[in-house]
Amino acid sequence: MILPTRKLLYFLVIPVAVLLVLRSPMTVYLAAAYDLGLLVLAIVDLVISPRPAHLDLQRQMPRLLSLGTTNKIGWELRNLSRFPVSFEVTEDVPEGVERESERVAGEIAAQSRTELRYGVRPTKRGLFEFGNMYVRYRTVLGLLLRQRRFAATTP
């Protein structure tokens, strides 16, 4: 999935503000040329940025979680690209398990790996299944966000 960032949206609003102040046919052409240039820049940003396949995510958790206490679980994230990546990681947590935070964010250097941890607390006994994992990251120029889903279920 590809999403615009606030940075891109702010850049897209600039011509609207100019058109509200300067109302002439030439301004309309300049605003259209500006938007077209911004679109080309966003495409270039997408092409030069790491692909979703350049990121690998593995879940790390103990076999058993203790009831009513905080258990540390997390992921190992690998960046196989030649660019550093600013990211957010989250996962589908089963009902009956509370988590400290929705997302874990950070930055990973090019061609490196990092371990991420956060706390979960089971509120009842039973067999639970953690679902898919998701990583969302910024492109090199910061105009777009890309997201990758990792299909993984861990009982």
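The values are calculated or read from the model by the stated rules, or taken from the named source; none is laboratory data. Being a predicted model, the structure only gives us computed values, none of them experimental. As a convention, Cβ positions derive from the backbone with ideal geometry for all residues, glycine included, and neighbour counts pool all protein chains shown. Protein only, heavy atoms only, side chains kept; ligands, DNA and RNA dropped before computing areas. Shrake-Rupley method; radii C 1.70, N 1.55, O 1.52, S 1.80 Å.
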Handout entry: Whichever residue in the range 141-155 is at pLDDT 95 or above and among the aliphatic types (A, V, I, L, M) and, among such residues, is nearest to the chain's Cα centre (by Cα)
Key = Leu145
Problem - In the range 31-49, the residues that are among the hydrophobic types (A, V, I, L, M, F, W, C), in contact with a helix residue (DSSP H, G or I) (Cβ under 9 Å, 6 or more places away or on another chain) and surrounded by 15 or more Cβ atoms within 10 Å (Cβ to Cβ) - result: Ala31, Leu38, Ala42
Practice task
Report the residue count in the range 119-155 for those that are open to solvent by 70 Å² or more (accessible area, probe 1.4 Å) and either on the phi > 0 side of the Ramachandran plot or of a type in the set (Gly, Ala, Ser) (or both).
Solution key: 1
Problem - Answer residue from the range 95-105, given it is open to solvent by 40 Å² or more (accessible area, probe 1.4 Å) and either β-branched (Val, Ile, Thr) or in contact with a strand residue (DSSP E or B) (Cβ under 8 Å, 6 or more places away or on another chain) (or both) and is farthest from Thr5 (Cα to Cα) among those - result: Glu98
Exercise for the section: Can you tell me which residue within the range 50-94, out of those that are of a type in the set (A, V, I, L, M), open to solvent by 70 Å² or more (accessible area, probe 1.4 Å) and more than 15 Å from the chain's Cα centre (by Cα), is modelled with the lowest pLDDT? Expected result: Leu64
Exercise for the section: Report whether or not Leu116 is in contact with a Leu (Cβ under 6 Å, 6 or more places away or on another chain) and open to solvent by less than 40 Å² (accessible area, probe 1.4 Å). Expected result: no
Practice task
Check off (1) over 22 Å from Asp56 (Cβ atoms); (2) touching a Pro at 6+ places or on another chain (Cβ under 9 Å) for Arg121 and give me the number that stays unchecked.
Solution key: (2)
Exercise for the section: Could you identify the single residue in Ile2, Ile108 that is under 23 Å from the mean Cα position of the chain (by Cα) and loosely packed, with under 13 Cβ neighbours inside 10 Å? Expected result: Ile2
Completion exercise
Of (1) in a loop (DSSP other than H, G, I, E, B); (2) closer than 26 Å to Leu3 by Cβ, Tyr118 satisfies every one except (1)
Problem - Complete set of residues in the range 119-133 that are within 23 Å of the chain's Cα centre (by Cα) and closer than 11 Å to Glu98 by Cα - result: Gly119, Val120
